[in-house]
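Here the structure comes first, spelled out in structure tokens, and everything after it is commentary.
The values are calculated or read from the model by the stated rules, or taken from the named source; none is laboratory data. These numbers come from a predicted model, not from an experiment. Note that we place each Cβ from the backbone using ideal geometry, even for glycine, and neighbour counts take in every protein chain shown. The area values use the complete protein model at the heavy-atom level, side chains included, leaving out ligands, DNA and RNA. Shrake-Rupley method; radii C 1.70, N 1.55, O 1.52, S 1.80 Å.
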Amino acid sequence: MVGRLSQYSMTSVPHTQRALVFQGGGALGAFQAGAFKALYEKLRSDDENDSSANKPLFDIIAGTSIGAINAAILVSYVLENKTWKGSAKRLEDFWRYISTPTPELSEALKQWRAEKEKGNALVASEEAARRYYSVKEFLKSGVERIFIPVYPPKDDTKFCDSQNKWLAYNNEPLRKSIEKFARFPISTSFERGEPRLLVVSTDAAEGTTVTFDSYEKEQGIRETEYGDSLHGKSIVIKYNEGIGIKHLIASSCIPEFYVYEDLDGRKFWDGGLLSNTPINELFNAHKSFWERKIGSENLEKSFKKIRSKEHIFDYNNNNNEQEKLQRIPDLELYIVNLFSPKESYNDTYVKALPLDLDGVKDRNLDINLSDGYDSKADGLLSDYVNLIERLISLGDNDESIKDKINRILDESTPRRYYTEEYKKNIDILKNTFKIVKVIQIYRKDDDDTISGKPADFTSETISKLIQQGYQDTLSK
């Protein structure tokens, strides 16, 4: 059944792979626990009905910040138990473990209650006030299994401003919590039918995203290379044994809230700074892995032997003439978003937008962290590729046309800047793949939302988020 790891050989190139993407968002990540539970139930049922019992539940799980932590807990569970069955419970157990009761707020709520009793129509609901003041208390005293404040705050030694003190936090409790639910290092393999884990962070000095990959780059080598490789200035982070706890902390190291996370002498911040929804990182990792595995030359041959009645790609590794006609697998995308770029409309556009400071901060947060998937752009790209493939197929029955097409494909593309790599037209096309399905699940704010929602780890809120994720996903 689909709950178990695939037992058949994973040496052939699959036609399609299934990828799950988790957005970052602190405590809102509890929503993903519920969403994953629903996805597991739905996909298991669908695959069994389609006689796809051996199909992996997910081939790839990519995440940023808390999304990376959720992804790592799931992949670790699958590695440990050789099955997906029970993985949803493991993730939910993690969220129940790190949540905490609502702190004592009677003193903090005095002024709010006084205004409420006066009948002030502008004051927040009781639930919104509970969330707001809980977060304020957490920022003063910490969350036992997530973070603790480092007192005394650091003095401003640069401008000597007595009011400009830096209260940073220690994330050691989070490290220990993650390690109770995931085993490190995490190293997986396509050949063994294991899911691929992609963790996205930000190099604070380079100002670029960095993706850590549980799959090997070469035999026995796991590393991430980025920077200016053309001029010998590339940066290489090695982690041959697999993804460790430090990579997850690097992905979730919120600037100012925490200081930095050090890896191989480099300093990292939260991946959500540049890619809170790591779609591009997923696509790039997908292409580079299969280009290495299939081989650049085989990809060229496959593209030139374009799909037609005479040329059918071999996705089953059959020992015949078509064995080398392989293409990068297409992707099915499942994206669990924690932030929505659109405000919920209850009445008119003007009334829906907040006018209070916390509401404005909340709306700003949603927009900044909702860098979602652009289905229109990818759809357009797929249409272009389909058109090019059909034009190339005009040479299938005419050697003269085929020769002309092949000469065009072998021509170099124009370079737009001097550091750009030299490429041929075929290089642009040979490693293309299609997005054949996109399922997007969005967490929606309720009427009691606050700007501090990523830090609301109260048991009441976490339970509600898990249930919301489950119900919203089942309804998709």
*Select from segment 191-227 the residues that are buried (at least 23 other Cβ atoms within 10 Å of the Cβ), in a loop (DSSP other than H, G, I, E, B) and touching a Gly at 6+ places or on another chain (Cβ under 9 Å) and list them in ascending order.*
Ser214
*So which residues in segment 49-85 are more than 20 Å from Gly469 (Cα to Cα) and not in a loop (DSSP other than H, G, I, E, B)?*
Asn49, Ile60, Ser76, Tyr77, Val78, Leu79, Glu80, Asn81, Thr83
*Is there any pair with a first residue in segment 30-44 that is closer than 19 Å to Ser459 by Cβ and part of a helix (DSSP H, G or I) and a second that is open to solvent by less than 10 Å² (accessible area, probe 1.4 Å) and of a type in the set (Phe, Trp, Tyr) whose Cβ atoms are under 7 Å apart and which are 6 or more apart or on different chains, and what are they?*
Ala30/Trp95; Gln32/Phe22; Ala33/Trp95
_Being open to solvent by 30 Å² or more (accessible area, probe 1.4 Å) and closer than 30 Å to Lys176 by Cβ narrows it down to one residue among Lys89, Lys110; which is it?_
Lys89
*Would you be able to say whether some residue in segment 150-162 is touching a helix residue (DSSP H, G or I) at 6+ places or on another chain (Cβ under 8 Å) and on the phi < 0 side of the Ramachandran plot?*
no
*Hey, Thr188 out of contact with any helix residue (DSSP H, G or I) (no Cβ under 7 Å at 6 or more places or on another chain), among the hydroxyl-bearing types (Ser, Thr, Tyr) and either more than 24 Å from Ser99 (Cβ to Cβ) or part of a helix (DSSP H, G or I) (or both) or not*: no
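Checking the conditions here, which among Ile392, Ile367, Ile401 is out of contact with any strand residue (DSSP E or B) (no Cβ under 8 Å at 6 or more places or on another chain), at pLDDT 85 or above and closer than 27 Å to Leu331 by Cα? Give the steps one after another, and end with the answer.
Values: Ile392 fails: at pLDDT 85 or above; Ile401 fails: closer than 27 Å to Leu331 by Cα.
Ile367 is the lone residue from the list that is out of contact with any strand residue (DSSP E or B) (no Cβ under 8 Å at 6 or more places or on another chain), at pLDDT 85 or above and closer than 27 Å to Leu331 by Cα.
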*Somewhere in segment 264-283, is a residue over 30 Å from Ile435 (Cα atoms), surrounded by fewer than 17 Cβ atoms within 10 Å (Cβ to Cβ) and free of Cβ contacts under 8 Å to residues at least 12 places away in the same chain?*
yes
*Just name the residue that is nearest to Asn276 (Cα to Cα) out of those in segment 16-27 that are outside any strand (DSSP E or B) and in contact with a Pro (Cβ under 6 Å, 6 or more places away or on another chain).*
Gly25
*Before we move on, is Ile98 closer than 30 Å to Tyr133 by Cβ, touching a residue at least 40 places away in the same chain (Cβ under 8 Å) and open to solvent by less than 10 Å² (accessible area, probe 1.4 Å)?*
yes
*Test set (1) in contact with a Lys or Arg (Cβ under 6 Å, 6 or more places away or on another chain); (2) at pLDDT 90 or above; (3) farther than 21 Å from Leu282 by Cα - Leu338 fails condition number*: (3)
_If I ask for residues that are within 16 Å of Glu107 (Cα to Cα) and buried (at least 17 other Cβ atoms within 10 Å of the Cβ), which ones from segment 138-158 would you list?_
Phe138
*In segment 228-263, which residue that is on the phi > 0 side of the Ramachandran plot and modelled with pLDDT of 95 or more is least open to solvent (accessible area, probe 1.4 Å)?*
Gly242
*State all residues of segment 49-75 that are buried (at least 24 other Cβ atoms within 10 Å of the Cβ) and among the polar types (S, T, N, Q); if no residue qualifies, say none.*
Thr64, Ser65, Asn70
